[in-house]
Amino acid sequence: MTVAAAPVLVSRSRARRKISWQTISDHAILIAGSLLMILPVFAAFMTIGASDVEISRHGMQFTDGSHLAENFDKALFTQGGFTGAITGSTMLLNSFILGIGFAIGKIIFGMMAAYAIVYFRLRFATFAFWVIFTTLLLPLEVRILPTYEVVHGMGLINTYTGLILPLVASATATFFFRQFFLSIPEELVEAARIDGAGPVKFFFDILVPLSRTMIAAIFIIMFVYGWNQYLWPTLITTDEAMFTLVRGIKQIYQSIDGGSDIPEFGRALALAFIAILPPVLVVVIFQSWFVKGLVESDK
Amino acid sequence: MKRASFNQLGLPVWLLLPQLVIIGVFFYWPAAHAVRSSFYLEDPFGFGSTFVGWDNYAGLLASAQYVKVAVFTLGFTFLVTFFSLSIALVLAVKADKVIRGTRTYRTLLMWVYAVAPPVAGFLGVMVFYQGNGPMTEFLALFGYEFRLGVNYYDTAAAMVAVATWNHIPVNFIFFLSGLQSIPQSVKEAAMIDNRSGTRRFWDITFPLLAPTAFFLLIINITYALFDTFGMIDALVKGEPGNNPMTLVYKVYVDGFRGNDLGGSSAQSVILMVLVLVLTVFQFRVMDRRIHYT
């Protein structure tokens with residue numbers, strides 16, 4: 001027995017060693033990948049601790065962080081821009097309004113339309129379906145100029161309505177909720193009808209509670225999407241008090257090659273960091289909902 | 001539509017109305033307007049417009065600059081798609097394989113999803129900054145002088161690098177979830193049949209991932225075409241000048257800076273047709289896949 005067992009043991013330990021080399025190289029590749037993702041943002045964050053002079057002389061650098069508080073303070077509370085009417089905290093507020101407003105708009109309109117399409121016998125349901133889903137094909141970027149003219153004509157320039165509504169005009173959320181509603185067992189509707197529940201009661205008492213996870217997932221995706229919008233806010237907000245963070249950074253980095261003064265690197269980097277932080281936190285904290293929503297909504 | 005459903009007319013119409021109104025006002029009307037104005041020559045001072053037929057389109061195709069932008073867009077799209085898909089695939093395969101730390105790696109590799117393209121572009125400006133950016137200094141070690149915003153190809157390379165960086169996370173998330181949905185029994189059967197990891201990957205894993213990869217291909221092309229606007233705007237600092245730009249960026253430059261409404265609309269229509277073709281192609285291939293599985 002013992003004699004026979006020995007070779008097995010040897011081969012097993014050899015196999016384990018082989019696997020461990022493999023494992024080490026796997027981890028090395030993953031760590032290299034993670035560093036590739038992290039380093040640019042980390043270097044930017046470290047550089048916020050330097051003064052504008054140091055940054056313009058040496059570029060991105062590791063510092064003792066002596067100017068960190070000063071740069072963040074400048075980014076959040078000092079007025080800037082051409083008119084001097086905007087601070088970072090106003091932009092932060094506008095970004096939240098855009099992100100949250102966009103996400104809520106998408107969810108409410110999307111759920112309503114999907115409910116109508118899935119749960120009602122309608123003659124024009126198929127037609128409505130196609131009218132809505134064609135919008136999935138053409139992103140806003142493609143029809144940007146005429147959309148701008150329409151919104152301009154309605155006098156919605158520099159309003160939150162004009163900022164948010166045109167972005168809501170696509171069917172991503174409707175499509176997502178339609179897929180989800182279709183996967184809910186039909187017996188639920190039958191049971192609800194036998195119990196005498198009307199469509200409104202069924203929606204609020206059964207469908208909404210069932211969709212809670214899905215609503216959370218789509219809220220996260222839409223919030224990040226809205227927060228990160230750039231082209232549309234750039235066109236529609238000319239008044240600096242309406243700037244979002246992502247749009248407002250442009251104003252600052254445009255000065256980098258502009259004048260003879262030393263550009264405000266520290267302030268721009270601090271603003272970039274503030275612009276990155278909320279969506280990243282949301283995605284990381286609600287990771288499993290986010291991944292589930294992303295993977296399932298696009299299928 | 002469900003078999004069991006409510007029989008009412010008023011309510012569903014009210015439910016659909018808000019969405020249909022928003023889409024009508026902010027989608028169909030502008031889209032129709034774009035098609036219409038692509039056949040007109042707008043007076044730059046706003047004194048009416050004249051019908052010019054296909055002139056705007058003919059003008060575009062004859063324009064050397066438009067062709068140059070189209071060629072750049074094609075190359076840019078190809079490179080970004082290729083690099084971000086292949087890097088994400090390697091990382092996803094490894095993250096699926098390691099026993100410890102899959103969740104940590106997933107977090108570390110996906111959070112860049114939430115970085116807005118223009119902010120990524122701004123970071124790119126800092127990393128490739130002329131003279132003292134970290135990457136510029138690194139390349140200088142090999143004797144190469146990287147000049148962002150001055151040299152056409154250097155700027156193009158920076159654009160590809162930033163776009164790839166920004167888009168690896170989405171591909172990674174989809175590949176990883178695709179890998180994790182392959183049944184354990186299939187993996188074990190493959191393990192018994194074939195001990196070579198590389199062969200196993202190409203014979204079993206890759207075909208099973210093919211639908212995900214195809215879907216991602218379309219997503220990546222759409223991303224490179226449309227979502228890179230902010231990144232490009234940041235890298236060229238809003239001054240396209242002699243720098244490379246994509247077709248979408250040119251729609252913006254011609255329409256809002258150049259006031260060439262007809263030409264810009266014609267470009268929009270060309271892009272719409274392009275997206276429609278891509279989508280039809282996607283549905284076709286997806287359908288065929290469903291038939292034989």
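The values are calculated or read from the model by the stated rules, or taken from the named source; none is laboratory data. The structure displayed is predicted, hence computed values, not measured ones. Cβ atoms come from the backbone with ideal geometry, glycine included; neighbour counts cover every protein chain shown. These accessible areas exclude ligands, DNA and RNA; they are computed on the full protein's heavy atoms, side chains included. Shrake-Rupley method; radii C 1.70, N 1.55, O 1.52, S 1.80 Å.
Numerical summary
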{"item": "Heavy atoms of A:His58: accessible area, 1.4 Å probe, square angstrom to 10", "result": "100"}
{"item": "Added length on full extension, which subtracts the Cα-Cα distance from 0.36 nm per residue, A:Gln179 to A:Ala191", "result": "2.2 nm"}
{"item": "Protein accessible area in region B:22-137, 1.4 Å probe - carbon and sulfur %", "result": "72"}
{"item": "Sequence-distant residues sharing a close amide H with A:Arg121 (under 5 Å, placed H)", "result": "B:Phe6, B:Gln8"}
{"item": "Span from the region A:166-237 Cα centroid across to the region B:52-71 one, whole angstrom", "result": "42"}
{"item": "Accessible area in square angstrom per residue, region B:201-293, 1.4 angstrom probe", "result": "43"}
{"item": "Placed amide H near B:Tyr40: partners under 5 Å, 5+ positions off or other chain", "result": "B:Val52"}
{"item": "Fully extended contour minus Cα-Cα distance, from B:Phe51 to B:Trp14, at 0.36 nm per residue", "result": "9.3 nm"}
{"item": "Gain in span if fully extended, B:Leu139 to B:Val71, counting 0.36 nm per residue against the direct Cα distance", "result": "21.8 nm"}
{"item": "Region A:74-297, accessible area per residue, ligands and nucleic acids excluded (1.4 Å, Å²)", "result": "38"}
{"item": "Rounded FRET efficiency, nearest 0.05, which uses the C-beta distance separating B:Tyr152 from A:Phe62 and R0 of 35 Å", "result": "0.60"}
{"item": "Cα centroid separation, region B:147-224 to region A:265-296 (Å)", "result": "22"}
{"item": "Hits among lysines - C-alpha to C-alpha of A:Lys292 under 26 Å, sequence gap 8 or more where chains match", "result": "A:Lys106, B:Lys2, B:Lys94, B:Lys97, B:Lys187"}
{"item": "Buried solvent-accessible surface, both chains (B, A), 1.4 Å probe, Å² to nearest 100", "result": "9200"}
{"item": "Relative contact order of chain B, pairs being alpha-carbon contacts under 8 Å that are 6 or more residues apart, as %", "result": "28"}
{"item": "Spin-label pair A:Ser20/B:Ser86, simplified geometry with 7 Å Cα→Cβ offset, distance in nm", "result": "3.4"}
{"item": "Overall form of chain A per C-alpha gyration tensor (a/c, 1.5; a/b vs b/c)", "result": "oblate"}
{"item": "Contact order relative to length of chain A, as percent, for alpha carbon pairs under 8 angstrom and 6 or more apart", "result": "27"}
{"item": "Fluctuation leader among B:Leu61, B:Leu16, B:Leu208 - chain B, Gaussian network, Cα springs under 10 angstrom", "result": "B:Leu16"}
{"item": "Virtual spin-label span in nm between A:Phe77 and B:Ser196, 7 Å along Cα→Cβ", "result": "6.6"}
{"item": "Mean residue ellipticity (222 nm) of the protein assembly as shown, computed from DSSP H runs ≥ 4 via -39,500 (n - 2.57), nearest 500", "result": "-22000 deg cm²/dmol"}
{"item": "In nm, spacing of pseudo-spin labels at A:Phe133 and A:Ile100 (7 Å Cα→C-beta vector)", "result": "3.4"}
{"item": "Electrostatic dipole magnitude of the protein assembly as shown [Cβ: Lys, Arg +1; Asp, Glu -1; Cα centre; debye, to 20]", "result": "2480"}
{"item": "In Hz, Karplus ³J(HN,Hα) per residue of region A:62-78 (6.51, -1.76, 1.60; θ = phi - 60°; x = Gly, Pro)", "result": "8, 10, 7, x, 5, 9, 4, 5, 4, 5, 5, 5, 4, 5, 8, 10, 7"}
{"item": "Choice from A:Leu182, A:Leu163, A:Leu245 with maximal GNM fluctuation in chain A (Cα, 10 Å cutoff)", "result": "A:Leu182"}
{"item": "Shielded by partner chains, region B:134-181 residues - at least 20 Å² of accessible area, 1.4 Å probe, vs chain alone", "result": "B:Pro134, B:Trp165, B:Ile168, B:Ile173, B:Phe174, B:Ser177"}
{"item": "Per-residue HN-Hα couplings for region B:90-106 [Karplus 6.51, -1.76, 1.60; θ = phi - 60°; Hz; x = Gly/Pro]", "result": "4, 5, 5, 4, 5, 5, 6, 7, 5, 7, 9, x, 3, 5, 4, 4, 4"}
